[in-house]
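Visitor: Take this structure first; my questions come after.
Coordinate-derived values only; no laboratory data. This one's a predicted model, so the numbers in the text were calculated from it and none came from an experiment. Methodologically, a virtual Cβ is constructed for each residue, glycine included, from the backbone with ideal geometry; neighbour enumeration extends over all protein chains shown.
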Amino acid sequence: MEQARNLSDSSLIEQCLKLAEETGEVCKAVRKHEALSIDPASSVGHVGHELADVLIYVAAIANRADIDLTDTLRIEQNGDALLEDSTPRTHSPSLAGLQRHVDTTGQLFSFTLIEQCLKLEGKIGKICTTVLARQVAATDSTGTADSLGQALTGALICLVAIANRADIDLTNALRTKEEINNGRVWTKPTMMSVPR
């Protein structure tokens, strides 16, 4: 995916900037979905497509940081294992399975769509600050990797909860978004000089 978009040389920090940007687009799409005021001249995507973009960057950051999201989903949160330990490690969980699990456990369902969106923003902030701390420390210590894995998992759960609340099939949204993205040409802009 990153190679197809000519982004394989992007640093983790750059990936975090893109993740934050896409999360802002989720917020904008949620505002439109909830009939809140938005600039009528601005471009607003579909909530599902914007969630798919966030999912893509969460996965890209996890891959770049050598974090197995399947393993992090096995970590217990609030006493409830997100994935059963009996799930064979050779099988990756599906997005649909994760959506069902989050739906049946009621995780974050007491929050409105807007509140879930704000929780996602907080989780994305945690990812960004953890990546920054990792870079500043210039280390891949277990503690930092564990923190990043937990932050990525938290964002993934928030993302799934938003999809559930908005009645979005995240698997279909991801497929549709990838079809759209496959038709795009990804380039890096040239550096612009800043007037003094």
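Visitor: Applying 1/(1 + (r/R0)^6) with R0 = 35 Å to the Cβ-Cβ distance of residue 110 and residue 46, what FRET efficiency is obtained, to the nearest 0.05? Don't jump to the answer; show the numbers that get you there.
Guide: Working: r = 25 Å, r/R0 = 0.71.
It comes to 0.90.
Visitor: Taking 7 Å along the Cα-to-C-beta vector as the label spot, tell me the residue 167-residue 180 distance in nanometres, rounded to one decimal.
Guide: Distance between the two pseudo-spin positions: 2.0 nm.
Visitor: Sticking with this structure for a sec: Pop a pseudo-label 7 angstrom from the Cα along the beta-carbon direction at both residue 68 and residue 32 and give the gap in nm to one decimal.
Guide: The two pseudo-label positions are separated by 3.9 nm.
Visitor: Further question: Excluding residue 54 itself, what net charge comes from residues whose Cβ is under 9 Å from its Cβ, given Lys and Arg +1 and Asp and Glu -1? Could you put the intermediate results ahead of the total?
Guide: Values: positive: none; negative: 22, 25, 50, 53.
Local net charge: -4.
Visitor: Another question, then. Provide the per-residue ³J(HN,Hα) series for segment 52-68, in order, calculated from phi with Karplus coefficients 6.51, -1.76, 1.60 and θ = phi - 60°, each as a whole number of Hz, with x at glycine and proline positions.
Guide: 4, 4, 4, 4, 4, 6, 4, 5, 5, 5, 4, 4, 5, 8, 6, 10, 8
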